[in-house]
Amino acid sequence: MKLLAVTELLFSPFKIAFLILWFYLCMYLVQRFEFNPLIGGRLKVWTNVLMLFAAPVVLLLAFTYAVFKKVEETGASVAEAAVTTFGHAIRTIKRTALGGARGSSSIILLDPSGKSINEVYGGQSKDDNAKKTVAVAERLIGDAVELLASDILINPAENLEYDIRFRVDGVLSPYREIDSNICGALVNSIKAISGMDISEKRRPQDGAFVAKVPDGTVSFRVASAGILHGEKLSIRILNQKLAPQTLPDVGMDERTCRIVRDVLNRESGMMLLCGPTGSGKSTTLYAMLREIDFYTRNVITIEDPVEYVLTGASQIEVNPKADITFAKALRSILRQDPDIICVGEIRDEETASISLKASQTGHLVLATLHSSSNSASLVRLMDLGISPLLMASGLDLVISQRLVRKLCNNCKKVARLDGPHKQAFLQKNIDPVSIYVPVGCNKCSDTGYKGRIAVFDIMVIDNEVKNKISEGKITIAGSTKDDQQMRSNLQKQAMKLAVAGITSLDEVKKVTSQG
Ligand SMILES: [Zn+2]
């Protein structure tokens with residue numbers, strides 16, 4: 001009987017739950033302190049030992065302190081303060097929980113030669129300011145990676161203040177405030193890690209660095225320029241994890257996928273991808289390249305810059321300083337007789353004409369062009385001096401695209417359409433029950449959107465179109481009409497996504513206003 005009582009006590013579910021919670025809190029705090037850049041090497045051992053045994057006690061003390069501080073500051077009751085403080089603590093733990101920890105706690109910044117930020121910016125010295133700056137830089141970069149931002153913009157404003165913004169899903173939003181005393185030093189630390197000259201503040205400079213995070217490496221491109229109130233930095237984040245894997249991932253429907261794959265399987269020809277800046281052309285291009293077997297076909301890309309590493313392909317980066325332009329790189333790779341050539345962007349006549357000629361001499365060419373629509377692309381090529389005949393014989397497929405933001409699945413809610421609005425949908429045989437509106441939650445940084453998806457308009461250059469092009473029947477006037485047609489095509493695609501609850505009606509409207 002007595003033995004039974006002991007085992008009952010040992011395996012009491014409450015006790016086990018308590019032990020698990022205790023253990024979890026210990027491990028959580030050990031991890032938080034281990035990666036905290038503000039705690040020095042020798043202190044670290046002792047904080048670890050303390051946390052390993054007494055983390056929950058330390059947490060309780062910190063919690064009590066926070067509650068009373070809140071009571072004193074806001075005059076709320078102890079119970080109210082306890083509830084809000086507890087909620088805040090739970091959110092913090094959720095954000096940085098074991099295993100999922102990113103942010104400043106476990107990020108290592110390295111310059112192009114592999115030196116850490118502490119080595120190049122003096123964080124190892126006894127200078128507390130340098131240490132604090134390094135910690136802020138690490139937190140800034142860590143937050144950007146965690147939010148899947150594509151750019152960080154640091155602009156000087158008046159009175160020595162700085163304006164820091166992240167671009168997430170194509171939309172800029174302000175980053176939390178950073179102590180204005182430290183901003184100048186922050187810019188210097190990022191310039192140092194990017195291999196730039198810190199003392200040069202006016203002349204534009206380029207640099208790069210990488211960040212090691214728990215699930216891989218992220219590359220950063222940095223550009224600096226002196227402007228009115230100081231120096232601005234634009235940081236481009238090249239996150240390998242953001243690369244979509246397949247054509248359906250980027251938003252292609254079955255029919256478009258089939259047509260694109262058909263062209264990708266050809267020995268020669270040319271596919272042109274069009275859209276304004278920020279319409280996701282390069283992302284689609286990478287998705288197309290992923291369809292290709294690099295072991296049986298020799299693939300060479302020319303990019304500005306190389307955004308994702310494609311194992312098995314040869315990637316060349318344009319570098320005007322070293323006199324490597326799209327046209328020059330293209331000429332030199334044609335001598336290596338590749339099967340597939342990917343031209344990051346056609347900007348000039350030479351690149352356009354070499355690309356089109358290559359497509360007729362046994363190469364498959366994939367290229368992007370900055371233009372507003374399929375027919376506008378053809379007009380643009382003519383403007384660049386390409387003869388209609390060369391265009392007609394070289395091109396196989398022209399695709400235009402735009403991006404729409406996807407609603408956050410965690411917080412979107414069904415749209416309440418008013419009577420006439422609802423009627424309009426029902427008349428088109430669309431049931432508007434699955435149309436959603438954005439709300440905003442902590443998973444989408446209160447924007448209501450998470451991620452983006454592309455909509456496409458494709459133009460297959462068949463014999464009929466070829467005739468039209470070679471007879472010179474593609475004109476600016478014709479293009480305006482086609483332009484409207486294309487806009488409605490893109491809008492139709494976007495509307496399909498809205499009816500499926502993937503995007504919102506606001507985003508559908510935006511498609512027509514872009515470029
Ligand atoms: Zn959300």
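Counting other C-beta atoms within 10 Å, and keeping those with at most 16, which DSSP coil trypsin sites (Lys or Arg not before Pro) do you find in segment 381-475? Write out the running numbers ahead of the final one.
On the way: sites: Arg402, Arg405, Lys406, Lys412, Lys413, Arg416, Lys422, Lys428, Lys443, Lys450, Arg452, Lys466, Lys468, Lys473; in loops: Lys412, Arg416, Lys428, Lys473.
When the trypsin sites (Lys or Arg not before Pro) of segment 381-475 are filtered for loop state and at most 16 Cβ neighbours within 10 Å, Arg416, Lys428, Lys473 remain.
If the segment from Trp46 to Glu119 were pulled out straight at 0.36 nm per residue, it would be longer than the present Cα-Cα gap by 23.8 nm.
Calculated FRET efficiency, Thr296 to Asp262, Cβ-Cβ distance, R0 = 25 Å: about 0.90 to the nearest 0.05.
Translational diffusion coefficient of the chain at 4 °C, 1.567 mPa s, Stokes-Einstein with Kirkwood Rh over Cα pairs, in µm²/s as a whole number.
Values: Rh = 26.7 Å.
This corresponds to a translational diffusion coefficient of 48 µm²/s.
Give me the Kirkwood hydrodynamic radius of segment 115-180 in Å, from all C-alpha pairs, to one decimal place? Mind dumping the intermediate values first?
On the way: mean 1/r = 0.0764 Å⁻¹.
Mean inverse Cα-Cα distance, inverted, gives 13.1 Å.
Across segment 197-205, rounded Karplus estimates of 3J(HN,Hα) from the backbone phi angles (6.51 cos²θ - 1.76 cosθ + 1.60, θ = phi - 60°) give 7, 5, 6, 7, 10, 9, 5, x, 10 Hz, Gly and Pro being marked x. For a 4.7 Å threshold on C-beta separation, the list of partnerless cysteines in the chain reads Cys26, Cys183, Cys257, Cys274, Cys342. On the beta carbon distance between Asp128 and Lys492, with R0 = 45 Å, the FRET formula returns roughly 0.15.
Between 0 and 90 degrees, the angle of helix 128-146 with respect to the longest Cα principal axis of the chain falls at about 50 degrees. By the beta-carbon count within 10 Å of each Cβ, the least crowded to most crowded order of Asp506, Asp128, fewest first, is Asp128, Asp506. Exposure proxy ranking for Tyr175, Tyr449, based on other Cβ atoms within 10 angstrom of each Cβ and starting from the fewest, stands as Tyr175, Tyr449. In summary, the lysines within cross-link reach of Lys201, defined as a Cα separation below 19 angstrom excluding same-chain residues under 8 places away, comprise Lys191, Lys232. Ordering Gly419, Gly472, Leu390 by Cα displacement along the dipole of the chain toward the positive end leaves Gly419 in first place; charges were set at the Cβ atoms of Lys, Arg (+1) and Asp, Glu (-1). Here's how it looks for Tyr449: its modeled amide H is under 5 Å from those of Cys408, which are all 5 or more places away or on a different chain. Across the options Leu264, Leu407, Ala367, the greatest Cα extent toward the positive end of the charge dipole of segment 243-513 (unit charges at beta carbon of Lys, Arg, Asp, Glu) belongs to Leu407. Would you list which lysines come within 21 Å of Lys406, measuring only between C-alpha atoms, while excluding same-chain residues fewer than 8 positions from it? Lys406 reaches Lys241, Lys281, Lys443, Lys450, Lys492, Lys496, Lys509, Lys510. Bridgeable lysines around Lys15 (alpha carbons under 24 Å apart, same-chain partners fewer than 8 residues away excluded): Lys2, Lys94. Sorted ascending by nearby beta carbons within 10 Å, beginning with the fewest, Ile324, Ile193 become Ile324, Ile193.
Each reported figure results from applying straightforward, stated rules to the coordinates on display, with no laboratory input. This is a predicted model, so every value here is computed, not measured. Positions of Cβ are backbone-derived with ideal geometry, glycine not excepted, and every protein chain shown enters the neighbour counts.
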